[in-house]
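Q: What follows is a single structure, and I will ask about it in a moment.
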Amino acid sequence: MKLASLRDGTRDGKLVVVSKDVTRYCAADNIAPTLQAALDDWDNVAPLLEALYRDVEHQTVPCERFHERDALSPLPRAYQWADGSAYINHVELVRQARGAKVPESFYHDPLMYQGGSDGFLAPRDDIPLGDVAWGCDMEGEIACVTGDVPMGLSSAEALGHIRLLMLVNDVSLRGLIPAELEKGFGFFQSKPASAFSPVAVTPDELGDAWADGVIHLPLKVDLNGQPFGRANAGVDATFSLADLVAHVAKTRTLGAGSIIGSGTVSNKGTDGGPGQPVAEGGLGYSCIAEIRMIETIRDGAPKTPFMQPGDRVAIWMDDDHGHSIFGKIEQAVVAAS
């Protein structure tokens, strides 16, 4: 099934069930007022939401037109947002550009940071930028929403605790990252509010494209209306979402509604080296930093600029028939007031 949170004047929005083609919705707030409330009582609430989803598909209940611009992020705020780095190709390029090797541990011990979760941008909200020198970048990712997760479970066990899947624009301020990392205490100012896709879906909605905790479909990223990234989320994934959930839960339990991100989706080139831009027949990139790293490796310096006010980014994923699964993240960068 497909779920969304529509604007209703409250912080957490109104829970709705969305049709498979992401064009219609039926209010579900009589079942659970918010998505977080549904996740808190998932075993009891999910069957009721699934029944409503079937009714929406069969058009046996009144529905209204679903406008993605009216959607908040499915969880407009969450108890936890942790982002990993499942695609080590991305890390390899960043390290190679500065002449550093990837530590062996990165291939079996995922990178992870804990981001701000008290307020996410809606999928059509502007990205406020205080200073162009901060180096505003998009990061196209996939993410999962968990139920309650016990401490110390295996990846195979973690898979059964994934309730929903979403897409993410994990906004990064690249110009602030180096100084923060030098402090040895992780990201903070360099990771402003992220935005999630208009719709969250249960894993069964993806059919065979959901396998082993990975979505085996291209993640599509456009920058200013031009194809920028078409990397396949099912290729070159060193870790699955289940691996990342298990990693986070090694020393703690996770509350229902925790969001775990994959990190930037990144593919190698066909020759095993850095990927090529879409305009050159490659699969492109899910963030600007990656092409800048490749330019640095190839030419000695980057030439592609980071985003500035007026730039627009779109992130979405289609099924094998070309139909949108999650709706589309579409954001413009604006000067912060």
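Q: Let's test the formula: R0 of 25 Å, r as the Cβ-Cβ distance of ASP208 and GLU57. What FRET efficiency results, to the nearest 0.05? Show your work: numbers first, answer last.
A: Working: r = 20 Å, r/R0 = 0.79.
Efficiency at R0 = 25 Å is approximately 0.80.
Q: What is the helix-to-structure angle for 288-299, meaning the angle in degrees between its Cα long axis and the longest Cα principal axis of the chain, kept from 0 to 90 and rounded to the nearest 10?
A: Helix 288-299 and the main axis of the chain meet at about 20 degrees.
Q: Same structure again: Could you tell me the calculated FRET efficiency between THR23 and ASP43, based on Cβ-Cβ distance and R0 = 41 angstrom, to the nearest 0.05?
A: Working: r = 30 Å, r/R0 = 0.72.
Calculated transfer efficiency: 0.90.
Q: Also, quick follow-up: Per residue of region 227-233, what does 6.51 cos²θ - 1.76 cosθ + 1.60 with θ = phi - 60° give for ³J(HN,Hα)? Whole Hz please, x for Gly and Pro, Karplus curve as stated.
A: Residue by residue, region 227-233 yields x, 10, x, 9, 5, 8, 5 Hz.
Q: Still on this structure: Treating only the Cβ atoms of Lys and Arg (+1) and Asp and Glu (-1) as charged, compute the dipole magnitude of the chain about its Cα centre; round to the nearest 20 debye. Provide the component values of the computation, followed by the final result.
A: On the way: 28 positive and 46 negative charges, 138 e Å.
With Lys and Arg at +1 and Asp and Glu at -1, about 660 debye.
Q: How do LYS303, LYS14 rank by accessible surface area computed with a 1.4 Å probe, from largest to smallest? Don't skip to the end; give the middle numbers.
A: Working: LYS303 150, LYS14 55 Å².
In descending accessible area the options line up as LYS303, LYS14.
Q: Ok, one more. Could you check how much of the accessible area of the chain is carbon and sulfur, as a whole percent, using a 1.4 Å probe?
A: 50
Q: Would you mind checking which residues have amide H under 5 Å from GLY115's amide H? H placed 1.01 Å from N; only 5 or more apart, or other chain.
A: Under 5 Å from the amide H of GLY115 lie the amide H atoms of TRP81, ALA82, ASP83, each far enough along the sequence or on another chain.
Q: May I ask you to give the solvent-accessible area per residue for the chain, in square angstrom, as obtained with a 1.4 angstrom probe? Present the calculation step by step, with values, prior to reporting the outcome.
A: Numbers: 14650 Å² over 337 residues.
That works out to 43 Å² per residue.
Q: What percent of all Cα-Cα pairs in region 182-283 falls into each 10 Å bin, going from 0 up to the bin containing the maximum distance?
A: 11, 34, 38, 16, 1
Q: In the Gaussian network model of the chain, springs joining C-alpha atoms below 10 Å, which of PRO128, PRO47, PRO274 carries the largest mean-square fluctuation?
A: Residue with maximal mean-square fluctuation among PRO128, PRO47, PRO274: PRO47.
Q: Here is a follow-up. Give me the one-decimal nm value for the distance between modelled label points at ASP126 and PHE188, 7 Å along each residue's Cα-to-Cβ direction.
A: 2.8
Q: If I build a Gaussian network model for the chain, linking alpha-carbon pairs within less than 10 angstrom, which residue out of SER197, SER262, SER105 has the largest mean-square fluctuation?
A: The residue that fluctuates most here is SER105.
Q: Could you give each residue of region 182-190 its phi-based ³J(HN,Hα) in whole Hz, using Karplus coefficients 6.51, -1.76, 1.60 with θ = phi - 60°, and x for Gly or Pro?
A: Karplus values, whole Hz, x for Gly and Pro: 4, 6, x, 10, x, 6, 8, 5, 7.
Q: Once phi is turned into ³J(HN,Hα) by the Karplus curve 6.51 cos²θ - 1.76 cosθ + 1.60 with θ = phi - 60°, what whole-Hz value does each residue of region 77-94 show in order, with x for glycine and proline?
A: Per-residue couplings from phi come out as 8, 9, 5, 7, 9, 10, 10, x, 9, 6, 9, 5, 3, 4, 5, 4, 5, 4 Hz.
Q: I would also like to ask the following. Can you show me the helix-derived [θ] at 222 nm for the chain, built from DSSP H runs with n ≥ 4 at -39,500 (n - 2.57) apiece and divided by the number of residues, rounded to the nearest 500.
A: Working: 7 runs with 64 residues, N = 337.
Estimated from H runs of four or more residues: -5500 deg cm²/dmol.
Q: Name the long-range amide H neighbours of GLY175: under 5 Å, sequence gap of 5 or more, or other chain; modelled H, no Pro or chain starts.
A: For GLY175, whose amide H was placed from the backbone, the distant partners under 5 Å are GLY135.
Q: Putting +1 on Lys and Arg Cβ atoms and -1 on Asp and Glu Cβ atoms, find which of VAL214, VAL278, ALA242 reaches farthest to the positive end of the dipole of region 206-291.
A: Going by the charge dipole, the pick is ALA242.
Q: Next question. Could you check the simple spin-label distance between GLU180 and SER337, using points 7 Å along Cα→Cβ, in nm with one decimal?
A: Going from the GLU180 label point to the SER337 one covers 2.5 nm.
Q: Have a look at TYR79, TYR285, TYR25 and tell me which one the Gaussian network model of the chain (Cα, springs below 10 Å) gives the largest fluctuation.
A: TYR79
Q: Magnitude of the Cβ-charge dipole of region 104-240, K/R +1 and D/E -1, about the Cα centre, nearest 20 debye? If you can, show how the numbers build up before the last one.
A: Working: 7 positive and 20 negative charges, 47 e Å.
In debye, rounded to 20, region 104-240 gives about 220.
Q: Now, a different point. Can you compute the modelled spin-label distance between ALA156 and TYR107, with each label point 7 Å from Cα toward Cβ, in nm?
A: Calculated label separation equals 2.4 nm.
Q: Sticking with this structure for a sec: Pairing the Cα long axis of helix 42-58 with the longest principal axis of the chain, what angle in degrees results, from 0 to 90 and rounded to the nearest 10?
A: It is inclined by approximately 80 degrees.
Q: I want to make sure I understand the PRE zone here: with the label point 7 angstrom from the Cα of GLN80 toward its beta carbon, which residues in region 107-144 have backbone N atoms less than 20 Å away?
A: 109-120, 142-144
Q: Report, in whole Å, the centroid distance computed from the Cα atoms of region 65-80 and region 129-169.
A: Between the Cα centre of region 65-80 and that of region 129-169, the gap is 15 Å.
Q: Then there is this: Given Cα pairs under 8 Å that are at least 6 residues apart, what percent is the relative contact order of region 173-279?
A: Numbers: 95 pairs, mean separation 19.4, N = 107.
Computed value for region 173-279: 18 percent relative contact order.
Q: Return a single number: how many Lys pairs in the chain, at a sequence separation of 8 or more or on separate chains, have alpha-carbon atoms below 15 angstrom apart. Could the numbers behind the result be given before it?
A: On the way: LYS2/LYS14; LYS2/LYS20; LYS2/LYS328; LYS20/LYS328; LYS220/LYS328.
So the count works out to 5.
The values are calculated or read from the model by the stated rules, or taken from the named source; none is laboratory data. Just so it is clear, the structure is predicted and the values come from calculations on it, not from any experiment. Backbone-built Cβ (ideal geometry, glycine too); neighbour counts: all protein chains shown. Surface areas here come from the heavy atoms of the whole protein model, side chains and all, with no ligands, DNA or RNA. Shrake-Rupley method; radii C 1.70, N 1.55, O 1.52, S 1.80 Å.
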